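The values are calculated or read from the model by the stated rules, or taken from the named source; none is laboratory data. The structure displayed is predicted, hence computed values, not measured ones. Every residue, glycine among them, receives a Cβ derived from its backbone with ideal geometry; neighbour counts consider all protein chains shown. To get the accessible areas, we keep the full protein, side chains included, count just its heavy atoms, and leave off ligands, DNA and RNA. Shrake-Rupley method; radii C 1.70, N 1.55, O 1.52, S 1.80 Å.
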Amino acid sequence: MPTQTMTRPEHVRLTEEGKPVTLLEAIREGIWEEMERDPSVFLMGEDIGAYGGAFKVTEGMQQAFGQLRVIDTPISEIGFTGAAAGAAHMGMRPVIEMQFIDFISCAYDMITNYVATSRYRGSGPQPIVIRGPSGGYVRGGPFHSQNPEAAFFHTPGLKIVYPSTARDAKGLIKAAIRDDDPVLFFEHKWLYRRPQLREVLPNEDYIVPIGEARVHREGTDLTIVTYAATVHKSQEAAEVLEKEDGLQVEIIDLRTILPLDEDAIIRSVKKTNRLLIVHEDTRTGGIAGEIAMRVSEKAFEWLDAPILRVTALDAPVPYSPPLEDYFLPQTEDIVKAARHLAAY
Amino acid sequence: MATKTKATPQAAIPHGLDRGGLLEMYRLVRLTRSLEEKLENLFRQSKVVGGLFRSLGQEGESVASAFALRRRDDGTGDMLSPLIRNLGSMLTMGATPGEVVRQYMAKGDSPARGKELNIHFTDYRRGFIGQISPLGDLVPVMAGVALTFKQRGEDRVGMVYLGDGATSTGAFHEGINFAAVQKLPLVVIVEANQYAYTTPTRLQTAVKSFVDKAPGYGIAGESVDGNDVLAVYGAAKRAVDRARSGGGVTLVEVVTYRRRGHAQHDNQSYQPPEDIERWAATNDPLDRYLATLTSNGWATADELAKIDAEVDAHLENEIRDAEAGPMPAPESTLDDVYASGPVAAPWTRHEPADPKLA
């Protein structure tokens, strides 16, 4: 790999100056650092080069690392996902961007049939990161707001990561790039630039291990298991419930969806005896169903109430604000479900 | 069996080949034919797990195209990804008959350890990546392999095989288009064997010749008689040389005919018997190549018979050893799903129960 002169744009690295960064900037920093650390890391995707990507996650990178390491591709999710697989066979660590995660479905065959099975088939590891902006609450309509994690949750061989904080986002993207398994890395676009999520990140090289959930908020009265944007919706709900009902809600942020940190979930349920699962994805076949079943298998005797879930409705993601608001889980939905559980 | 007869070359050997190369290609074509015949015997004895796929009539193009690659056994050579009818290509790259038989018998000591079937297996050192069954997918994958050669400034080439059916897939289009715009060192071999399972080419595409697709991608294209070993070698060599010298992608159409069904269980009712008979009688690649070698004085019948005998003896040994191999241990089912070893199966954490039961 030819040595590159690294010209880092002013806005790319802020932690050194002790400035807080957004979740988006945290991801950019994480990728940037891994690009510097490991010459086998390279990026492919649509419009990620000179333009820096639709959301500017890769801004400045092509100038810094060159056109052989930051590659603008044709509009072809099967093509560049397959190319990532081939490069991974040759010892590279490709990081590919789905411009919107909705378009990952175009590469479903390549991801589930080819990439996820490669190690098992004896064709070797596939250290690929497939990342992209996901989620709603931004009036993006049916094809720019989806949460397709459940479609891949059922595929052994994949890992799925979905951070909710800037610190985790950076630590997890770095862990994903270093991981020897294929990782789907979902970035919630409603969280990308939220000022409330700005954080001063550690200066040192840190990772957040894939597969470990995090206690986002300690509590004793009931557990909310959630991830991504609904961590923050759940936090808002927990504050309402504390103020108005005197309830101490524990929030578990899964951070990694596959593999599930079952121990963290069971531990919390055994402590609070009540479980509410909240996710932004639609209900039927959603991840909440799997979590509920595992808790039923492992901690049934500890439950004082039925397991409840708050999810999106079983519909495509609608566009108009009243429709999207009705479709997606809102803070008041979580409050309502938690009150029902607490009173059971 | 040994003979002292030496051929006296009468005609110049083309494409930069030498007599050793010509005889090695003959050995490989013969090995492919004979190995598949042996596999057919094993299939009839119910020793093959699942289906058996013959490449009868296509052995010559498989061997000759792969022979054009720089073949190494230390992971520094060119790479190819074969299709189900490219046993010859894999043997050319150095796959052994024993590995192939173990694969077909689903043995625990097969290259894919019983996880994958027939010739779907990989060896990076020798330079081949096993295909998967969704067709066309290896075009973008091999584009990625070629991309890495370009990124690292390595003087290596990728070759991907597909049948005429796979040219209809989105993966074919996306992979070849990506490779074309990036000017990657990739050779795409389209084996036009007239049928995709039962579907004839006229229901697969409206183009007269697959090479007509090449200009649409801005790449070079060449069509060649797929049952002429030397012609295929020449076309493949030109494409490989173009790729290696920075000339980008070439689509090589290899015109041939599938003389057996899609798999052993397919009775070929949709193929006119007279077509099959005609290709067998007048256009068999092994017969044609043998005639070419002897009529040009590049080899004697005795020399070729000696190679035949050595191939047969070699196969006997390899198959005997392969048959003696163990079946995989059931517990290895969970191996290699993830890098960390056995798949996390939390529902079995407390007791060693059947993982299929909650």
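For residue B:245 and residue A:284, the FRET efficiency from 1/(1 + (r/R0)^6), where r spans their Cβ atoms and R0 equals 60 Å, is about 0.60. Put simply, the amide H of residue A:93, placed in the peptide plane, has neighbours under 5 Å in A:41, A:42, leaving out anything fewer than 5 places away on its chain. Which Cα, out of B:256, B:175, B:309, lies furthest along the positive dipole direction of chain B (beta carbon charges, K/R +1, D/E -1)? So the residue furthest toward the plus end is B:175. Put a plus charge on the Cβ of each Lys and Arg, a minus charge on the Cβ of each Asp and Glu, and nothing anywhere else: the dipole of region B:17-162 about its Cα centre is then about 240 debye.
Let me check I've understood the local charge: for residue B:323, count other residues with C-beta under 13 angstrom from its C-beta, Lys and Arg +1, Asp and Glu -1. What total comes out? That sum, taken over residues with Cβ under 13 Å, equals +1.
Modelled label positions at residue B:267 and residue A:244, each set 7 Å beyond Cα in the direction of Cβ, lie 7.3 nm from each other.
Starting from the residue with the highest accessible area, list A:190, A:302, A:32 in decreasing order, probe 1.4 Å.
On the way: A:190 40, A:302 100, A:32 0 Å².
I get A:302, A:190, A:32, largest accessible area first.
For a distance above 28 Å, tell me the whole-number percent of Cα pairs in region B:93-252 that qualify. Working shown, then result.
Details: 2986 of 12720 pairs.
In whole percent, the long-distance tail amounts to 23.
The alpha carbons of the protein assembly as shown stretch over 100, 56, 45 Å along the principal axes, in descending order.
3J(HN,Hα) couplings calculated from phi for region B:63-79 with the Karplus curve 6.51 cos²θ - 1.76 cosθ + 1.60 (θ = phi - 60°) are, in sequence order, 5, 5, 5, 5, 5, 6, 7, 7, 9, 9, 10, 10, x, 10, x, 6, 10 Hz; Gly and Pro show x. When DSSP beta bridges are restricted to pairs lying wholly in the protein assembly as shown, around 15% turn out antiparallel. A Cβ-based charge dipole, computed about the Cα centre of region A:138-215 with Lys and Arg at +1 and Asp and Glu at -1, lands at about 460 debye. Neighbouring Cβ atoms from other chains, within 10 Å of the Cβ of residues in A:122-129, number 5 on average. Computed from backbone phi, the HN-Hα couplings of region B:159-170 come to 10, 10, 9, 8, x, 4, x, 5, 5, 7, 7, x Hz, rounded to whole numbers (Karplus: 6.51 cos²θ - 1.76 cosθ + 1.60, θ = phi - 60°; Gly and Pro given as x). For residue A:313 and residue A:51, the FRET efficiency from 1/(1 + (r/R0)^6), where r spans their Cβ atoms and R0 equals 30 Å, is about 0.25.
Surface analysis of the protein assembly as shown yields an accessible area of 38 Å² per residue, using protein heavy atoms and a 1.4 Å probe.
Could you pull out every one of the aspartates and glutamates with an alpha carbon less than 20 Å from that of residue B:306, ignoring same-chain neighbours closer than 8 positions? Qualifying aspartates and glutamates at Cα under 20 Å: B:18, B:24, B:36, B:37, B:59, B:287, B:316, B:318. Mean-square fluctuations from a GNM of chain B, with a 10 angstrom spring cutoff on Cα atoms, peak among B:162, B:203, B:286 at B:203. Counting only Cα atoms, chain B measures 76, 53, 44 Å along its principal axes, largest extent leading. Label-to-label distance, residue B:76 versus residue B:124, with points set 7 angstrom from Cα along the beta-carbon direction: 1.7 nm. The portion of the accessible surface of region A:61-204 made up by carbon and sulfur, rounded to a whole percent, is 54 (1.4 Å probe; DNA, RNA and ligands excluded).
The 1.4 Å probe gives accessible areas that order A:244, B:310, A:34, largest first, as A:244, B:310, A:34.
Shown is the FRET efficiency for residue B:282 and residue B:202, computed with R0 = 35 Å from the Cβ-Cβ distance and rounded to the nearest 0.05: 0.95. When the Gaussian network model of chain B links Cα atoms closer than 10 Å, the mean-square fluctuations of B:151, B:131, B:182 top out at B:151.
Which pairs break 21 Å Cα to Cα here: A:159/A:270; B:38/B:107; A:243/A:336; B:150/B:183? Don't skip to the end; give the middle numbers.
Numbers: A:159/A:270 27 Å; B:38/B:107 17 Å; A:243/A:336 14 Å; B:150/B:183 9 Å.
Table pairs above 21 Å Cα-Cα are A:159/A:270.
Roughly what percent of Cα-Cα pairs across chain A reach past 33 Å?
Working: 15525 of 58996 pairs.
Cα-Cα pairs in chain A separated by more than 33 Å: 26 percent.
When you restrict to C-alpha pairs under 8 Å that are six or more residues apart and normalise by the size of chain A, the relative contact order lands at 16 percent. Dipole of the protein assembly as shown (Lys/Arg Cβ +1, Asp/Glu Cβ -1, origin at the Cα centre): which of A:340, B:240, A:196 lies farthest to the positive side? In the protein assembly as shown, that residue is B:240.
Heavy-atom accessible surface of residue A:120, to the nearest 10 Å², is about 60 Å², with a 1.4 Å probe and all protein chains retained.
Under a 5 Å amide H cut-off, with hydrogens placed 1.01 Å from N, residue B:52 pairs with B:264, B:265 among residues at least 5 apart or on other chains. Which residues does a label at residue B:324 reach in region B:102-141, if reach means a backbone N under 19 Å from a point 7 Å past the Cα toward the Cβ? Inside the label zone: B:102-111.
Roughly how many debye, to the nearest 20, is the charge dipole of the protein assembly as shown about its Cα centre, given +1 on each Lys and Arg Cβ, -1 on each Asp and Glu Cβ, and no other charges? Before the final figure, lay out each step's value.
On the way: 76 positive and 96 negative charges, 213 e Å.
For this selection, approximately 1020 debye.
Ligands, DNA and RNA left out, the 1.4 Å accessible surface of chain B is 52% carbon and sulfur atoms.
Normalized C-alpha radius of gyration of region A:80-193, against 2.2 N^0.38 Å?
In units of the globular-protein estimate, region A:80-193 measures up at 1.03.
Using only the Cα atoms, work out Rg/Rh for region A:135-204, with Rh taken as the Kirkwood radius, to two decimals.
On the way: Rg = 13.7 Å, Rh = 13.6 Å.
Ratio value, two decimals: 1.01.
Whole number please: convex hull volume per residue, Cα atoms of region A:265-344, in Å³. Let's see the in-between values first.
On the way: hull volume 6.5 nm³, N = 80.
Output value, Cα hull per residue: 81 Å³.
Each 5 Å bin, from zero up to the one with the longest distance, holds this percent of the alpha carbon pairs of region B:45-171: 2, 11, 20, 23, 21, 14, 6, 2, 0, 0.
Let me know the whole percent of all Cα-Cα pairs from region A:201-262 that are separated by more than 19 Å. Considering region A:201-262, 38 percent of its Cα-Cα pairs are separated by more than 19 Å. Under the simplified labelling scheme, the residue A:212-residue B:155 pair shows an inter-label distance of 4.8 nm, with each label point 7 Å from Cα along Cα→Cβ. Look at the dipole of chain B built from charges on Cβ: of B:25, B:134, B:223, the Cα furthest out on the positive end belongs to B:223.
Taking amide hydrogens as placed 1.01 Å from N in the peptide plane, the amide H of residue B:189 sits under 5 Å from those of B:160, B:161, B:162, B:252, each at least 5 positions away in sequence or on another chain.
Taken residue by residue and averaged, Cβ atoms of other chains lying within 10 Å of the Cβ of B:148-157 number 4.
The GNM of chain A, with springs linking C-alpha atoms under 10 angstrom apart, assigns the highest mean-square fluctuation among A:288, A:85, A:54 to A:54. Can you bin region B:155-244 into rounded, prolate or oblate? Criterion: square roots of the alpha carbon gyration tensor eigenvalues sorted a ≥ b ≥ c, rounded for a/c under 1.5, prolate for a/b above b/c, oblate for the rest. It comes out oblate by the Cα gyration axes. For the segment B:106-116, counting C-beta atoms of other chains within 10 Å of every residue's C-beta and taking the mean gives 2.
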